[in-house]
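Taking it in order: structure first as structure tokens, then the write-up.
Taken together, the values in this text are just the output of simple stated rules run on the coordinates, not laboratory data. These numbers were taken from a predicted model, which means no experiment stands behind them. Counting neighbours? That spans all protein chains shown, and the Cβs are built from the backbone with ideal geometry, glycine included.
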Amino acid sequence: MSLSIQSFFDTSTATFSHVVDDGAGVCAVVDPVLGFDQNSGRTHSRPVETVAAHIDAHGLRVQWLLETHAHADHLSGAPWLQRRFGGALAIGAGITEVQREFRGVFNADDMAVDGSQFNRLFADGEFFSIGRLQAQAMHVPGHTPADVAYRIADPGGGPDAVFVGDTLFMPDVGTARCDFPGGDAPTLFRSIRRLLTLPLKTVLYLCHDYPPAHREATCITSVAQQRADNIHVRDGVLEAVFVARRQARDATLALPTLMLPSVQVNMRGGRMPPSDANGTAYLKIPVDRL
């Protein structure tokens with residue numbers, strides 16, 4: 001039995017998706033991407049088809065579709081994969097707080113705010129299995145209230161793998177922003193320090209990379225590398241210093257290009273709002289709200 005991880009990069013959203021394979025034909029997919037053309041309002045499946053091709057080629061059974069949070073920069077491809085392969089759609093229990101916050105932003109009175117759009121809501125510390133693999137959900141809020149990291153033990157005795165979502169980026173990029181509704185820089189600092197108390201050899205798999213010109217996009221780092229080199233939160237950086245730097249940086253950032261369509265879809269488990277009487281689903285743009 002072995003742990004196998006294959007990662008896929010969507011260049012248009014700078015997003016990594018991951019397929020975690022237990023070596024016996026069972027897998028989980030972490031943070032899959034559905035393509036979306038903002039100009040036309042059309043979706044496309046090209047990013048998630050690459051993931052599906054890998055699943056088909058290796059004869060895998062999808063047990064889980066794992067979201068690290070309700071993404072604000074891409075539409076989730078989980079429902080597309082679920083229709084094709086099955087599997088349970090899961091996210092952290094904090095999604096209900098995100099739903100309550102954004103139901104008002106988008107005036108989405110039709111939407112339940114109990115997380116029922118997902119098949120499983122993980123509590124902090126909850127254990128689950130991916131085939132023969134043992135996994136654990138870790139609540140790491142700060143970027144959003146719903147962020148979770150998924151820690152998966154290597155049955156071969158190697159270091160654990162942890163899928164951290166947007167909480168951390170590569171050491172030369174830093175950390176997630178905290179200025180979305182429900183975000184909080186002090187909370188993010190404490191979540192990151194929790195992750196960085198894991199063994200130094202723990203392998204961290206990221207959801208995004210925004211590399212400087214001298215290197216290619218990558219999604220793999222380690223606790224040791226983050227503690228030594230992360231420009232925002234390496235060892236020795238105090239919480240007050242991190243918070244001041246993070247808040248100053250966030251004040252300069254524009255909203256992500258796909259935030260408005262992404263959040264109102266992803267808070268519904270990656271599904272579009274109900275169609276109008278003409279059979280078309282519509283996404284809203286809140287004017288002067290954000």
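Kindly rank 100-108, 263-271 from highest to lowest mean number of other beta carbons found within 10 Å of each residue.
By packing density, highest mean first, the sequence is 263-271, 100-108.
Select from region 170-230 those trypsin sites (Lys or Arg not before Pro) which occupy a DSSP coil region and have at most 14 other Cβ atoms within 10 Å, ordered by residue number.
When the trypsin sites (Lys or Arg not before Pro) of region 170-230 are filtered for loop state and at most 14 Cβ neighbours within 10 Å, 201, 215 remain.
Along each of the three principal axes of the Cα atoms of region 47-188, give the extent in whole Å, ordering the values from largest to smallest.
Answer, in whole Å and largest first: 43, 36, 28 Å.
Spelling out what I want: for every residue of region 14-28, take phi, set θ = phi - 60°, compute 6.51 cos²θ - 1.76 cosθ + 1.60 (Karplus), and round to whole Hz; glycine and proline get x.
Along region 14-28, the couplings run 6, 10, 9, 10, 9, 10, 9, 10, 7, x, 10, x, 10, 9, 10 Hz.
Antiparallel versus total DSSP beta bridges in the chain: what percent is that, nearest 5?
Of the beta bridges lying entirely in the chain, close to 70 percent run antiparallel.
Run the numbers on the chain and let me know its relative contact order in percent, using alpha-carbon pairs under 8 Å that are six or more apart.
Numbers: 627 pairs, mean separation 49.6, N = 290.
The normalised contact order for the chain reaches 17 percent.
Report the per residue volume, in Å³, of the convex hull enclosing the C-alpha atoms of region 100-153.
Here the figure is 86 Å³ per residue.
How do 97, 216 line up, fewest other C-beta atoms within 10 Å first?
The order, fewest Cβ neighbours first, is 216, 97.
So, in Å, what gap is there between the alpha-carbon centers of region 54-88 and region 116-143?
15
May I ask for the net charge around residue 28, where only other residues with Cβ less than 10 Å from the Cβ of residue 28 are counted and Lys, Arg are +1 while Asp, Glu are -1?
-2
What is the local net charge at residue 266, summed over the other residues whose Cβ is closer than 11 Å to its Cβ (Lys, Arg +1; Asp, Glu -1)? Let's see the in-between values first.
On the way: positive: 268, 271; negative: 31, 67, 73.
Overall, the nearby charge balance is -1.
How large is ³J(HN,Hα) for each residue in region 212-218, as worked out from phi by the Karplus curve 6.51 cos²θ - 1.76 cosθ + 1.60 (θ = phi - 60°), to whole Hz, x for Gly and Pro?
Working through the residues one at a time gives x, 4, 7, 9, 7, 5, 9 Hz.
5 Å is the cut-off here: which amide hydrogens, built 1.01 Å from N in the peptide plane, fall below it relative to residue 126, excluding neighbours closer than 5 in sequence?
HN-HN under 5 Å from residue 126: 137.
For the chain, modelled as a Gaussian network with Cα springs under 10 Å, which listed residue fluctuates most, 22, 73, 114?
Per the Cα network of the chain with a 10 Å cutoff, 114 tops the list.
Could you work out the local net charge near residue 167, counting Lys and Arg as +1, Asp and Glu as -1, over the other residues with Cβ closer than 12 Å to its Cβ?
+2
Across the chain, how large is the tail of the calculated P(r) beyond 24 Å, expressed as a percent of all Cα pairs?
On the way: 20370 of 41905 pairs.
Percent of Cα pairs beyond 24 Å in the chain: 49.
By count of other Cβ within 10 Å, fewest leading, how are 54, 74, 214, 18 ordered? Display every interim value, and only then the final one.
Working: 54 17, 74 29, 214 6, 18 23.
Starting with the residue having the fewest Cβ neighbours, the order is 214, 54, 18, 74.
Which of the peptides 159-168, 55-64 is most tightly packed, and how do the rest follow, judged by the mean count of other Cβ atoms within 10 Å per residue?
159-168, 55-64
Counting residues in region 159-290 as N, plug N into 2.2 N^0.38 Å and put the Cα Rg over that result.
1.25
Which far-off residues, 5 or more places away or on another chain, put their amide H under 5 Å from the one on residue 65, with H placed in the peptide plane?
Residues meeting the criterion, in which the H sits 1.01 Å from N, are 29, 88, 89, 90.
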